[in-house]
Amino acid sequence: MQDDVLVNAVDIARMADVGRAAVSNWRKRFDDFPQPVGGTASSPAFSLSEVEQWLRDHDRYVEVSPLERFWQRLRSSTDDLRLGEVVAEVGAVLLEESAELDDALAREAREIGQAEGAVAAFDGICERYVDLHSRRLLATPPAVARLMTTIGGTEGGTVLDPACGIGTILLETHGSQVAGQELNESAARLTSVRLRLHGYEAQIEAGDSLRDDAFAGVQFDAVVCNPPFNERGWGYEELTSDPRWEFGLPPRGESELAWMQHCLAHVKPGGLVVIMMPSVAANRRPGRRIRGNLLRAGTLRAIISLFPGAAPASSGPPDLWVLRKPVEGGEPPSDVLMVNAGEDLSLAETAWRAYCEKAELPENSRVVRIIDLLDEEVDLTTSHRVVTQERTSGYPVMSDRLSSVVKELRLPRIAAKPRRDLVMTNLGELARAGVVTIMQGPLKLPEGGDLPLLTAKDLLLNREPSGRTQDTPGLVRVQKGDVIASLLLSSGALPRVMTQAGAVLGSQLLLFRTDPERLDPHFLAGCLRAEGSTGSHHSSAVRRDPRRASLPRLPIEEQRRYGESFAQLLALEDTVRALREISDNLVVAGIDGLLDGSLTPE
């Protein structure tokens, strides 16, 4: 079979057994390194066969493993949005179940399974799939999943994860029977085959856990969950009188409190719930009544603050809430454990064990009386209650991140020359000439469903589509090469040239589909960005509509040269934004550490 597949820098580094920086250096130092044949300016794609030949020519070739070669073929067999379904079908083949997979791929999957072992082969494929779609999948880090299941005491028991994603947490439970529910059907199927390959007795259902509970009335020994954060459309209106809200109706903007009570409804008396929560859930004013009721009932047992990245759905450091369902007639506890664990996950486990055994607690943890927490705000923020003895970990981590991002800075090669007056046109004229088609996302879209939805926030954060919607008339489907912009160019969101197809365009977004032989999409994105910059100098009341943007009349070859520079500059703008956020946090961590004695000048 011919290797007419593409690989990126991460793939090349893995193939050659080097770091990604080495691949970047090869591209700079060697004129004969293969030229990109796809991808984007910031993430180029290369021909696998050309890369292999270059590695051989330079005595750097490491034989590509059959698993790696199979993965690249698997990726090339479908688009990225359907890749999860195809990976699940591979799992079905390895389980010797009926599967809708190309015969040649199915045959190769069986050969890989026989050579590597079915579990190892599928774990390797899933690992590559998660690496490729880390922004969209938002998988819980394995170490955090292990901490959650250890604290939850899941081994040997029945366990539920009502927002199971692709099964990362359930894989760590060692439960006798595991169950899960996931909104996305392909992710649910993938979870099912992963767990069964690992020998679990598993029941995984697809659907909305809050609106359509697949396990209504069923209770488990333990529940572990890393739910989606900040869901406005979680079902507030239709679930107002739901019996699960034992501790109070979750406010419309507090979806995490709905997930928490959903988990409690599914655990047996005396059983534990370990759930990931955004740090703001500990002190947001609308949720104080529910927090107070949890404390009065003795249900909330611990809050453990972790590190940024422990919950990929959140940019900040999340908390683990540990809750125990009261036993009828039992005496309610009088205190709560609070831990500032940060990146030291072993500290969290040690503190919980010591708390349960009434032993001496480690540093950065404290037992707080419930009566001291029941004030007007019911603020459960750990940093307000626990004096952190060791706070240096954040500073070196952020310092390393800063250095890494700085190394990624790339400036386009742009030469100074005498200014020239360019003949201008506008998008309205180009649309009438058929050079570009302009489409707008519907103002209102149905919630839920299986279709990925690109939202205005996704565009702002430059991330994979995070929303979900249903197939209804009037949807605008994104194609590769489309330019997406905010309805208001002054919103702060940069225009993006899409590298993947299949998502649905969300509200407040515009799509520009160009004839690439007459209008380069990267050139158009740069011109839209320039229009947004112009708008930023005006009053905030001025609405900059991208459909009225002006752009120079240039031959297509010159547009492409401009477009390449525009793409590099927009990528630079993303990097600078990241630098600003990291540097702000670095300064705060450094000053705090110097003042509390955990850091010292050298």
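The values are calculated or read from the model by the stated rules, or taken from the named source; none is laboratory data. Model, not experiment: these values are computed from the prediction. So basically every Cβ, Gly included, is an ideal-geometry build from the backbone, and we count neighbours across all protein chains shown.
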- [ ] Identify all residues within segment 162-178 that are in contact with a helix residue (DSSP H, G or I) (Cβ under 7 Å, 6 or more places away or on another chain) and either in a helix (DSSP H, G or I) or more than 25 Å from Leu453 (Cα to Cα) (or both); write none if there are none.
- [x] Ile169, Leu170, Leu171, Glu172, Thr173, Val178
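Does Val159 qualify as being part of a helix (DSSP H, G or I) and either out of contact with any Ser or Thr (no Cβ under 8 Å at 6 or more places or on another chain) or closer than 20 Å to Gly207 by Cα (or both)? Please lay out each step first, then the result.
On the way: part of a helix (DSSP H, G or I): no; either out of contact with any Ser or Thr (no Cβ under 8 Å at 6 or more places or on another chain) or closer than 20 Å to Gly207 by Cα (or both): yes.
Spelling it out, it is not the case that Val159 is part of a helix (DSSP H, G or I) and either out of contact with any Ser or Thr (no Cβ under 8 Å at 6 or more places or on another chain) or closer than 20 Å to Gly207 by Cα (or both).
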Open item on the list: Quick check on my filter: what residues within segment 477-495 are crowded, with 19+ Cβ neighbours inside 10 Å and not hydroxyl-bearing (Ser, Thr, Tyr)?
Closed with: Val478, Asp482, Val483, Ile484, Ala485, Leu489, Ala493, Leu494, Pro495
- [ ] Report the residue count in segment 289-309 for those that are farther than 16 Å from Leu147 by Cα and in a loop (DSSP other than H, G, I, E, B).
- [x] 3
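Determine, yes or no, whether Leu347 is assigned to a helix (DSSP H, G or I), within 29 Å of Val178 (Cα to Cα) and modelled with pLDDT of 95 or more. Break it down stepwise before answering.
Working: assigned to a helix (DSSP H, G or I): yes; within 29 Å of Val178 (Cα to Cα): yes; modelled with pLDDT of 95 or more: no.
Judged against the criteria, Leu347 is not a match.
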Open item on the list: Looking at segment 328-364 only, could you name the residues that are exposed (fewer than 15 other Cβ atoms within 10 Å of the Cβ) and either closer than 19 Å to Val144 by Cβ or touching a strand residue (DSSP E or B) at 6+ places or on another chain (Cβ under 6 Å) (or both)?
Closed with: Ser346, Arg353
Open item on the list: Checking Glu97 against (1) modelled with pLDDT of 90 or more; (2) assigned to a loop (DSSP other than H, G, I, E, B); (3) over 28 Å from the mean Cα position of the chain (by Cα): exactly one of these is not met. Which one?
Closed with: (1)
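Go through segment 507-549 and count every residue that is among the small types (Gly, Ala, Ser), part of a loop (DSSP other than H, G, I, E, B) and modelled with pLDDT of 75 or more. Spell out how you get there, then give the answer.
Here is the first cut: in segment 507-549, the residues among the small types (Gly, Ala, Ser) are 507, 525-526, 530, 532-533, 535-536, 539-541, 549.
Narrowing further to those that are part of a loop (DSSP other than H, G, I, E, B): 507, 539-541, 549.
Cutting the leftovers down to modelled with pLDDT of 75 or more gives us 507, 549.
Of the residues in segment 507-549, 2 are among the small types (Gly, Ala, Ser), part of a loop (DSSP other than H, G, I, E, B) and modelled with pLDDT of 75 or more.
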Task: Tally of residues being in contact (Cβ under 8 Å) with a residue 60 or more places away in the chain, under 31 Å from the mean Cα position of the chain (by Cα) and more than 19 Å from Gly153 (Cβ to Cβ) across segment 320-379 - done: 2
Open item on the list: Here are the criteria: (1) among the charged types (D, E, K, R); (2) touching a helix residue (DSSP H, G or I) at 6+ places or on another chain (Cβ under 9 Å); (3) within 21 Å of Ala567 (Cβ to Cβ). Tell me which single one Lys28 does not satisfy.
Closed with: (2)
TODO: Looking only at segment 52-83, count how many residues are at pLDDT 85 or above and polar (S, T, N, Q).
DONE: 1
TODO: Select from segment 110-132 the residues that are within 28 Å of the chain's Cα centre (by Cα) and not β-branched (Val, Ile, Thr) and list them in ascending order.
DONE: Ala118, Ala120, Ala121, Phe122, Asp123, Gly124, Cys126, Glu127, Arg128, Tyr129, Asp131, Leu132
TODO: Determine if segment 142-155 includes at least one residue that is assigned to a helix (DSSP H, G or I), among the hydroxyl-bearing types (Ser, Thr, Tyr), at pLDDT below 95 and out of contact with any Phe, Trp or Tyr (no Cβ under 8 Å at 6 or more places or on another chain).
DONE: no
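For segment 179-288, give me every one of the strands (runs of 3 or more DSSP E) that falls completely inside it and has 2 or more residues that are of a type in the set (A, V, I, L, M), surrounded by fewer than 21 Cβ atoms within 10 Å (Cβ to Cβ) and on the phi > 0 side of the Ramachandran plot. Walk me through how you get there before you give the answer.
Values: elements: 202-206, 220-225, 267-277.
Per the criteria, no element qualifies.
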Open item on the list: For segment 550-564, give me the residue count where each residue is surrounded by fewer than 18 Cβ atoms within 10 Å (Cβ to Cβ), in contact (Cβ under 8 Å) with a residue 24 or more places away in the chain and either within 21 Å of the chain's Cα centre (by Cα) or part of a helix (DSSP H, G or I) (or both).
Closed with: 3
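Do we find that Ala88 is of a type outside the set (D, E, K, R), surrounded by 16 or more Cβ atoms within 10 Å (Cβ to Cβ) and either modelled with pLDDT of 80 or more or assigned to a loop (DSSP other than H, G, I, E, B) (or both) in this structure?
On the way: of a type outside the set (D, E, K, R): yes; surrounded by 16 or more Cβ atoms within 10 Å (Cβ to Cβ): yes; either modelled with pLDDT of 80 or more or assigned to a loop (DSSP other than H, G, I, E, B) (or both): yes.
Against the criterion (of a type outside the set (D, E, K, R), surrounded by 16 or more Cβ atoms within 10 Å (Cβ to Cβ) and either modelled with pLDDT of 80 or more or assigned to a loop (DSSP other than H, G, I, E, B) (or both)), Ala88 qualifies.
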Task: Hits in segment 577-595 - residues which are surrounded by 13 or more Cβ atoms within 10 Å (Cβ to Cβ) and over 19 Å from Arg401 (Cα atoms) - done: Leu594
- [ ] Starting from segment 54-82, take each residue that is part of a helix (DSSP H, G or I) and list its partners that are of a type in the set (S, T, N, Q), counting only C-beta distances under 9 angstrom and pairs at least six apart or across chains.
- [x] Asp80/Thr499; Asp80/Gln500; Leu81/Gln500; Arg82/Ser186
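Here is a yes/no grid of residues against (1) more than 29 Å from Leu409 (Cα to Cα); (2) surrounded by fewer than 19 Cβ atoms within 10 Å (Cβ to Cβ):
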{"site": "Ala41", "(1), (2)": "no, no"}
{"site": "Leu48", "(1), (2)": "no, no"}
{"site": "Arg69", "(1), (2)": "yes, no"}
{"site": "Ser76", "(1), (2)": "yes, yes"}
{"site": "Ser98", "(1), (2)": "yes, yes"}
{"site": "Glu108", "(1), (2)": "yes, no"}
{"site": "Leu132", "(1), (2)": "no, yes"}
TODO: Spot the failing condition for Val387; the list is (1) under 30 Å from Met338 (Cα atoms); (2) at pLDDT below 80; (3) over 33 Å from the mean Cα position of the chain (by Cα), and only one is missed.
DONE: (3)
